[in-house]
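J.: Encoded as structure tokens, here's the structure I'll be asking about.
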Amino acid sequence: LRPALALAQRARAAGMECVLTTGIDGACATLAAAQLVAALGNRAVPGPAHGLATSHWLAKDIGTPPPVVAGRIALPPAPGLGFTPAACAPSR
């Protein structure tokens, strides 16, 4: 995540818009991408993130995906990623 953050910051400093996304990722990667968006300073405004809510496409995951409310992922208030692994989340 640090190299991606540095690259996005450099691009923004050069006047470019950055859009962050994931592939079809599980809960952990989704939370990591959402934290990256937040690190770029987009907690309160529609940020440059699209396609982060793909965890539900997986048949199984190693944790619970973050809830998406009104098109936003709410980050945990405590420091850290906010991911708690499970043995294997139930099939969806």
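Readers should treat all values here as calculations from the given coordinates under stated rules, not as data from a laboratory. All figures in this text were calculated on a predicted structure; none of them were measured in a lab. So basically every Cβ, Gly included, is an ideal-geometry build from the backbone, and we count neighbours across all protein chains shown.
J.: Please go through the stretch 1-77 and write out the trypsin sites (Lys or Arg not before Pro) that DSSP classes as loop and that have at most 14 other C-beta atoms within 10 Å.
T.: Those satisfying the criteria are 43, 60.
J.: Can you tell me the 0 to 90 degree angle between the C-alpha axis of helix 2-13 and the longest principal axis of the chain, rounded to 10?
T.: On a 0 to 90 degree scale, this one is about 40.
J.: Output the 0 to 90 degree angle, nearest 10, between the alpha-carbon long axis of helix 27-39 and the longest principal axis computed from the alpha carbons of the chain.
T.: 20
J.: Under the definition of Cα pairs under 8 Å and six or more residues apart, what whole-number percent is the relative contact order of the chain?
T.: About 29 percent, as a whole number.
J.: Turning to a different aspect of this structure: So how far apart, in nm, are the two label points at residue 11 and residue 68 if each is 7 Å from Cα heading toward Cβ?
T.: Once both label points are built, they end up 2.0 nm from each other.
J.: So, one more: At a Förster radius of 25 Å, what calculated FRET efficiency corresponds to the Cβ-Cβ distance of residue 19 and residue 60, to the nearest 0.05?
T.: Efficiency for this residue pair is about 0.30.
J.: OK, next. Kirkwood-based Rg over Rh for the stretch 1-78 (C-alpha set), two decimals?
T.: Answer for the stretch 1-78: 0.97.
J.: If amide hydrogens are placed 1.01 Å from N in the peptide plane, which non-local residues have theirs closer than 5 Å to the one on residue 54?
T.: Hits under the 5 Å cutoff: 25.
J.: Pick from 80, 63, 23: which is most flexible by mean-square fluctuation in a GNM of the chain where alpha carbon atoms under 10 Å apart are linked?
T.: 80
J.: Using a Gaussian network model of the chain whose springs link C-alpha atoms within less than 10 Å, name the residue from 58, 81, 31 with the highest mean-square fluctuation.
T.: Answer for the Gaussian network model of the chain: 58.
J.: Using 0.36 nm times the number of residues separating residue 38 and residue 2, minus their current alpha carbon distance, what extension gain do you get?
T.: This chain segment gains 11.7 nm when fully extended.
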